[in-house]
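Trainee: One structure is given below, represented as structure tokens, and several questions about it will come after.
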Amino acid sequence: MSADLFDPTRPDTCKPSHAARELGLRRGDFDRAVQLGCIRTVPDEGGGGGRRVERAEIERVRAQDGFPDSLLDRVRVVGTAEGAALMEIPAGRFSRLARLGLLVPVTFYLNRYRSVVWLYLAEELRQFATGPENAHLLKGRTPETLRGRLAAGVDLRARNWRGRHLGLLLRRAEGPWARAGAVAAFLTPVDVADIVKDPYERAQLNRFRPMPPGYGVPGSPVTHAAEQITTARDADEIGWLRSELARLVAEARSVSPVARPAARTIPPVIRTAPRPIPPMARTVTGRAEETTRFPKPTASSPGPESPSAELTRRLTEPAARTEEPSARSCEPVVRPPEPMSATRPAVRPTALTAPRGHGRAQPGPQRPPRGLRAWLRRRSPRRTGPARV
């Protein structure tokens, strides 16, 4: 909501939009009246960074003779065709006088064809037309010196507008940094960085740098045209702006230096002395000794083996062969025949098949191990009775 309702310390000021309604002006005419100095404004102390109008200033403008017609005549602008009709001269002669810098535009805009349209104050055109020193420019042949400049392609409308707009900005600026920012608005960032080396001072200039009129979306044709018009092009103009910017920055630096962040103290880094790397343990690089999980029976073992011991040896012998391939030979291993049972056929021993080429013997297909009960049946066959006749 409006700050007028919540800030009792400024009851005698109002916003520019509210002041324009009270004076019966359109917003463009009101802004032009502020630029020309017809209406005075004060900075907004509420922290918004804008401008406000005092109630006493509104009453002063209202009390002028012929209000509001007199104020509207002072801020009225016309184009090329209307200005030529006002001065009673052809439109071509009006354009030539404007390019020569004799008629200074006050503002501009881009039409739908993206062409720059210059606007002039009607009051200034009337004064130029009624002046006796300008009678030879309105009628008759244009002087030879001016025709030579027109043939060279001179066009001073943008430069004259920049000089006029700079004067308006300097008149409204409050403080040395605001004046320096107004001058920096007509230079390229490269020129500003060449003059102002300190990045904190450049940031301060950007805070007070006004936006060009007609500025739109970044990268749009309107913005590009506004940048072309508001940037100095001539060498003498650029040199004067650079010298003026250096003078204003030096003055602002002496009056109000730019605040800088406090320097941070970095503690020294404590480095520890390098320590030698301890040697690696011998078990890391040593060769592991081959061990046998199940000892093989020797030939001198006395007595026959028990059935459970023989079954355990038969079940674990293939695993021992796979764990100790180096201890085996390439010759096939043949087990001694077992006594055949009367009821079940004998089990063929598992043999290692020797490969055709060079290499170790590969184990052949193995039969699945049988249980203890089947083994006992083969060792102790059933007793059969006498055969029946």
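Trainee: Please verify whether GLY66 is within 22 Å of PRO212 (Cα to Cα) and among the small types (Gly, Ala, Ser), treating the condition exactly as stated. It would help to see each step written out before you state the result.
Mentor: Details: within 22 Å of PRO212 (Cα to Cα): no; among the small types (Gly, Ala, Ser): yes.
Here the answer is no, as GLY66 does not meet what is asked.
Trainee: Let me ask something else about it. What about ARG26, is it touching a helix residue (DSSP H, G or I) at 6+ places or on another chain (Cβ under 9 Å), at pLDDT below 85 and either surrounded by fewer than 19 Cβ atoms within 10 Å (Cβ to Cβ) or closer than 20 Å to ALA182 by Cα (or both)? Spell out the reasoning first.
Mentor: On the way: touching a helix residue (DSSP H, G or I) at 6+ places or on another chain (Cβ under 9 Å): yes; at pLDDT below 85: no; either surrounded by fewer than 19 Cβ atoms within 10 Å (Cβ to Cβ) or closer than 20 Å to ALA182 by Cα (or both): yes.
Criteria not met by ARG26.
Trainee: Let me ask you something else. Is segment 207-229 home to any residue that is at pLDDT 90 or above and aromatic (Phe, Trp, Tyr)?
Mentor: no
Trainee: For residues in segment 60-84 being of a type in the set (Lys, Arg) and free of Cβ contacts under 8 Å to residues at least 40 places away in the same chain, which is farthest from ALA122 (Cα to Cα)?
Mentor: Residues of segment 60-84 of a type in the set (Lys, Arg): 60, 62, 74, 76.
Still in the running and free of Cβ contacts under 8 Å to residues at least 40 places away in the same chain: 60, 62.
On the way: ARG60: 24, ARG62: 22 Å.
Per the stated criteria, the residue is ARG60.
Trainee: Does ALA193 satisfy the criteria of being surrounded by 18 or more Cβ atoms within 10 Å (Cβ to Cβ) and among the aliphatic types (A, V, I, L, M)? Steps first, answer last, please.
Mentor: Values: surrounded by 18 or more Cβ atoms within 10 Å (Cβ to Cβ): no; among the aliphatic types (A, V, I, L, M): yes.
Considered against the rule, which asks whether it is surrounded by 18 or more Cβ atoms within 10 Å (Cβ to Cβ) and among the aliphatic types (A, V, I, L, M), ALA193 comes out as no.
Trainee: Check whether at least one residue in segment 118-130 is closer than 18 Å to THR231 by Cα and either free of Cβ contacts under 8 Å to residues at least 60 places away in the same chain or more than 37 Å from the chain's Cα centre (by Cα) (or both), and report yes or no. Write out each step before concluding.
Mentor: Quick first cut of segment 118-130, residues closer than 18 Å to THR231 by Cα only: 118.
Checking the rest, the ones that are also either free of Cβ contacts under 8 Å to residues at least 60 places away in the same chain or more than 37 Å from the chain's Cα centre (by Cα) (or both) come to 118.
Looking through segment 118-130, at least one residue is closer than 18 Å to THR231 by Cα and either free of Cβ contacts under 8 Å to residues at least 60 places away in the same chain or more than 37 Å from the chain's Cα centre (by Cα) (or both).
Trainee: Here's something else I'd like to know. What's the number of the condition GLY66 fails, among (1) under 24 Å from LYS139 (Cα atoms); (2) out of contact with any strand residue (DSSP E or B) (no Cβ under 9 Å at 6 or more places or on another chain); (3) not aromatic (Phe, Trp, Tyr)?
Mentor: So GLY66 meets the others, but not (1).
Trainee: Suppose the filter is more than 24 Å from the chain's Cα centre (by Cα) and not in a helix (DSSP H, G or I); does ILE238 pass it? It would help to see each step written out before you state the result.
Mentor: Details: more than 24 Å from the chain's Cα centre (by Cα): yes; not in a helix (DSSP H, G or I): no.
No.
Trainee: Collect the residues in segment 196-224 that are surrounded by fewer than 20 Cβ atoms within 10 Å (Cβ to Cβ), farther than 23 Å from PRO43 by Cα and of a type in the set (A, V, I, L, M), keeping them in residue-number order.
Mentor: VAL217, VAL222 - these are the residues of segment 196-224 that are surrounded by fewer than 20 Cβ atoms within 10 Å (Cβ to Cβ), farther than 23 Å from PRO43 by Cα and of a type in the set (A, V, I, L, M).
Trainee: Looking at this structure, is ALA98 in contact (Cβ under 8 Å) with a residue 40 or more places away in the chain, among the aliphatic types (A, V, I, L, M) and assigned to a helix (DSSP H, G or I)?
Mentor: Yes: the conditions hold for ALA98.
Trainee: Among the numbered criteria (1) farther than 23 Å from HIS165 by Cβ; (2) within 44 Å of the chain's Cα centre (by Cα); (3) among the charged types (D, E, K, R), which single criterion is violated by ARG52?
Mentor: Looking at each condition in turn, ARG52 falls short on (1).
Trainee: When the residues of segment 74-115 are filtered to those that are out of contact with any strand residue (DSSP E or B) (no Cβ under 8 Å at 6 or more places or on another chain) and of a type in the set (Ser, Thr, Tyr), which remaining residue is farthest from ARG149 (Cα to Cα)?
Mentor: TYR113
Trainee: Please give the number of the condition ALA135 fails out of (1) touching a residue at least 40 places away in the same chain (Cβ under 8 Å); (2) over 48 Å from the mean Cα position of the chain (by Cα).
Mentor: So the condition that ALA135 fails would be (1).
Trainee: State which residue is nearest to GLY101 (Cα to Cα) when the search covers only segment 163-197 and only residues that are out of contact with any helix residue (DSSP H, G or I) (no Cβ under 9 Å at 6 or more places or on another chain) and assigned to a loop (DSSP other than H, G, I, E, B).
Mentor: For segment 163-197, the residue satisfying everything is GLU174.
The values are calculated or read from the model by the stated rules, or taken from the named source; none is laboratory data. Quantities reported herein were computed from a predicted structural model and do not represent experimental measurements. Note that we place each Cβ from the backbone using ideal geometry, even for glycine, and neighbour counts take in every protein chain shown.
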